[in-house]
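What follows is one structure encoded as structure tokens, with my remarks underneath.
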Amino acid sequence: MDGTVGTIIIGAGQAGLAVSRCLRDRELPHLVLERGRIAQRWRSERWDSFTLLSPNWQTRLPGHRYAGPDPNGFMRAAAVADMLETYGREAPVRTGVTVDAVQPSAYGWWVLASDGLYLGTNVVVATGDLDRPAVPALAAGLPDRIHQLHTSAYRSPAQLPAGGVLVVGAGPSGQQIADELARAGRDVHIAVGRHKALPRRYRGRDAYWWMDRMGMLNRTVDSLPQHRPGARTPNAVLTGGTEDLDLHRLVRHGVVPHGHLTEIDGALLGFAPDLPRLVDAAEQNAVRFRATVDDHVRRTGLAVPVEPAPEPRSAPWADDAARLLDLDRAGIGTVVWATGFRRDFTWLHAPVLDEAGEPVQRRGVTAAEGVYFVGLRWMHRRSSSFLDGVGADAEYLADHIAERSRVLAGADA
């Protein structure tokens, strides 16, 4: 053990590094523990062609703003990882250290790690949302001959065995991977769940430009209907560039859509008859977004091009979607699970989780003195897990830690 550390930050991704920068600005002692290298997940859990969904200009962290040659471009994952590694050069990071447990001490919090025992007055959990790949239990029903992988292990079409591919999940990852596979000449099917369509550009501006200007990214979790801890809403489907990404585009590229996957009986798969409803719900999100932009332009007098909203698109392929799929007859040899991630805080022995294992926190502050979270999706704002959103939460937590340090110092005086 190296003695008591003021604050121990677990995770050296954008969230942990942002907190470290804010603590350094306040001259507060701390240490960052990272199980891999800085920005490990950006290197190990994104596919080769992955890009940010937000434009480069929106890459903003405490003390850092994108200053490269392509502000309206979209960085690849490797470039993001390199940027974060540079950003974290001054941070007190120990890499290759796995945290096995956090438990209370009379003097703060014990952190049991692979390289020893640490004692911290505060612990900031910055492991983020992409913690454990979530694969449904019914995956076990697939025949052994079917190659299965989660999106976190997908890299490129060349990685997969020959044959067709079923992608399960129609969020950004699922649709991006399905589109890439179809463009590579694969026969692709996609099982569709809840998702949101969003125009990449509208009235001369990127969707994220509009969301930034209209304050949509600063919307707080309290504004969500039926708010509850760990509330989840479907991600909007986008891809880097200027083209829209949606099921209409996938169908044009030859992808065969189905409703959400309900059962697996060997090579025979069953799907719900809900594809028309899912397609319509996704389209309505895009319609509402354009209407919100139009209303903002009318109210503010913003000088932007006029762009008539597109006519509603018919989707006869949704009504005709097959409810059964025989993997052998369709020549499908691979299933890609684009089913997201789940959080795993079983190592955190503190009274800060609800019955479902979700953090109970307010702006990252918990009821357990000295335990904090940062980087969770919708932790406080819509952007709390974004490169452009973790900074505001990091500043708030750093202020809270600084005040707590002053109170503890006064109590010891």
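Sparse packing (at most 15 other Cβ atoms within 10 Å of the Cβ) combined with a DSSP loop state is found for the following GluC sites (Glu not before Pro) in region 364-413: Glu369.
Of all beta bridges that DSSP places with both ends in region 1-120, some 65 percent have antiparallel geometry. Working note: Debye formula, equal point scatterers on the alpha-carbon atoms of region 78-229, no solvent; log10 I(q)/I(0) at q = 0.11, 0.17, 0.21 Å⁻¹ is -0.82, -1.24, -1.31.
Per residue, the solvent-accessible area of the chain (1.4 Å probe, heavy atoms of protein chains only, all protein chains present) comes to 45 Å². The trypsin sites (Lys or Arg not before Pro) of region 55-146 that DSSP puts in a loop, and whose beta carbon has at most 12 other beta carbons within 10 Å, are Arg89, Arg145. Note on Leu224 and Ala106: the extension gain reaches 38.7 nm, defined as 0.36 nm multiplied by sequence separation minus the Cα-Cα distance.
In this view, the solvent-accessible surface of Leu302, computed with a 1.4 Å probe and all protein chains in place, comes to about 40 Å².
Between the helical axis of 390-412 and the longest alpha-carbon principal axis of the chain there is an angle of about 20 degrees. Rounded to the nearest 10 square angstrom, Asp48 shows an accessible area of 90 square angstrom against a 1.4 Å probe. Estimated translational diffusion coefficient (Stokes-Einstein, Kirkwood radius over Cα pairs, 4 °C, 1.567 mPa s) of region 233-285: 100 µm² per second. Among beta bridges identified by DSSP and lying wholly in the chain, the antiparallel ones come to about 45 percent.
Could you tell me which residue out of Val360, Leu387, Gly128 lies farthest along the dipole of the chain toward its positive end? Charges go on the beta carbon: Lys and Arg +1, Asp and Glu -1, centred on the Cα centre. Of the listed residues, the answer is Leu387. Rounded to whole numbers, the Karplus 3J(HN,Hα) couplings from phi for region 291-298 are 5, 5, 4, 4, 5, 4, 5, 4 Hz, using 6.51 cos²θ - 1.76 cosθ + 1.60 with θ = phi - 60°, and x at Gly and Pro. Summary of packing: across the peptides 156-162, 246-252, the per-residue average of other C-beta atoms within 10 Å ranks them, highest first, as 246-252, 156-162.
Counting residues in region 130-197 as N, plug N into 2.2 N^0.38 Å and put the Cα Rg over that result.
1.11
Available extension along the chain between Leu324 and Ser156 is 57.7 nm, counting 0.36 nm per residue and deducting the alpha carbon span.
Answer with one residue from Val306, Val336, Ala322: the one whose Cα lies farthest towards the positive end of the charge dipole of region 300-385, charges on Cβ with Lys, Arg +1 and Asp, Glu -1. My answer, from the dipole projection, is Val306. Carbon-plus-sulfur fraction of the accessible area of the chain, 1.4 Å probe, in percent? Ligands and nucleic acids excluded, carbon and sulfur give 50 percent. Result for the chain in a Gaussian network model with C-alpha springs under 10 Å: among Arg213, Arg37, Arg155, the largest mean-square fluctuation is at Arg213. Counted residue by residue at 0.36 nm each, then reduced by the alpha carbon distance between them, the extension gain from Asp295 to Glu27 reaches 91.9 nm.
Each Cα pair of region 185-342 feeds into the Kirkwood radius, which the Stokes-Einstein equation turns, at 4 °C and 1.567 mPa s, into a diffusion coefficient of 72 µm²/s. Over all distinct Cα-Cα pairs of the chain, the Kirkwood formula returns a hydrodynamic radius of 23.0 Å.
Rolling a 1.4 Å probe over the protein chains gives Ile10 an accessible area of about 10 Å².
The values are calculated or read from the model by the stated rules, or taken from the named source; none is laboratory data. Quick caveat: nothing in here was measured; it's all calculated off a predicted structure. Counting neighbours? That spans all protein chains shown, and the Cβs are built from the backbone with ideal geometry, glycine included. To get the accessible areas, we keep the full protein, side chains included, count just its heavy atoms, and leave off ligands, DNA and RNA. Shrake-Rupley method; radii C 1.70, N 1.55, O 1.52, S 1.80 Å.
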